[in-house]
1. Restricting to region 99-114, name every residue that is in a helix (DSSP H, G or I), more than 15 Å from W20 (Cβ to Cβ) and touching a residue at least 40 places away in the same chain (Cβ under 8 Å).
2. Looking at Q13, is it part of a loop (DSSP other than H, G, I, E, B), out of contact with any Phe, Trp or Tyr (no Cβ under 7 Å at 6 or more places or on another chain) and surrounded by fewer than 18 Cβ atoms within 10 Å (Cβ to Cβ)?
3. Answer yes or no as to whether S25 is small (G, A, S), in contact with a strand residue (DSSP E or B) (Cβ under 6 Å, 6 or more places away or on another chain) and surrounded by fewer than 21 Cβ atoms within 10 Å (Cβ to Cβ).
4. What tally of residues in region 10-62 results from selecting those that are farther than 14 Å from L78 by Cβ and of a type in the set (V, I, T)?
5. Tell me which residues, restricted to region 52-98, are within 15 Å of G123 (Cβ to Cβ), part of a strand (DSSP E or B) and hydrophobic (A, V, I, L, M, F, W, C).
6. Condition first: exposed (fewer than 14 other Cβ atoms within 10 Å of the Cβ) and either under 17 Å from I84 (Cβ atoms) or among the β-branched types (V, I, T) (or both). Now tell me which residues in region 106-119 satisfy that.
7. Considering only region 93-130, how many residues are of a type in the set (A, V, I, L, M, F, W, C) and over 12 Å from the mean Cα position of the chain (by Cα)?
8. Among I63, I11, which is the only one that is of a type in the set (A, V, I, L, M), within 21 Å of L88 (Cβ to Cβ) and either touching a His at 6+ places or on another chain (Cβ under 8 Å) or free of Cβ contacts under 8 Å to residues at least 40 places away in the same chain (or both)?
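We did not get these values from a lab; they are worked out from the coordinates using the rules stated. Bear in mind the structure is a predicted one, so any value in this text is a computation, not a measurement. Here the Cβ positions follow ideal geometry from the backbone for every residue, glycine too, while neighbour counts run over all protein chains shown.
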Amino acid sequence: MTLRERQDYVIFQLSQFQDWSDSFSYMIKLSDQLPAEPPAGCPRIDYCQSRTYFKAFLREGKIQIEAWSNSSIVGGMLFLIKEIFHDLPISELSTCTIDFHRKSGLIDKITPTRKQMLTDIIGKITVLSP
């Protein structure tokens, strides 16, 4: 799948719910699919109230994502980020704007600290692009 298709899929997933409380319940369930503990060597995002860890790097021309949080909602957001970007060829970053968080409305429904975290994580991914 292309970056656009992956983002559109996440936007579609989040649009299936009547209201944002249902979307957040869905993200809480998704967080259960992250590892049981932070990946070794994965740096912590210090300004988050929760214990949240994130690392984006390249392996063989593909984006790799390692992430974990003890907050279920943040964990669900990290799962969605992983669903969009993990194993995506780095060349895809130049083909499409990263906008899933805006088009889905997610960025408008989360706390200021979570907005900052999400924006910073997207920034950590985009700097991988040559």
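1. F100, T113, listed by residue number.
2. The answer is no for Q13.
3. Answer is no for this residue.
4. Result for region 10-62: 1.
5. Answer for region 52-98, where residues must be within 15 Å of G123 (Cβ to Cβ), part of a strand (DSSP E or B) and hydrophobic (A, V, I, L, M, F, W, C): F54, A56, F57, I63, I65, A67.
6. Our first condition is that a residue be exposed (fewer than 14 other Cβ atoms within 10 Å of the Cβ); within region 106-119, this holds for 108, 111-112, 119.
Selection gives T111, T119.
7. 5
8. Numbers: I11 fails: either touching a His at 6+ places or on another chain (Cβ under 8 Å) or free of Cβ contacts under 8 Å to residues at least 40 places away in the same chain (or both).
Matching residue, one of I63, I11: I63.
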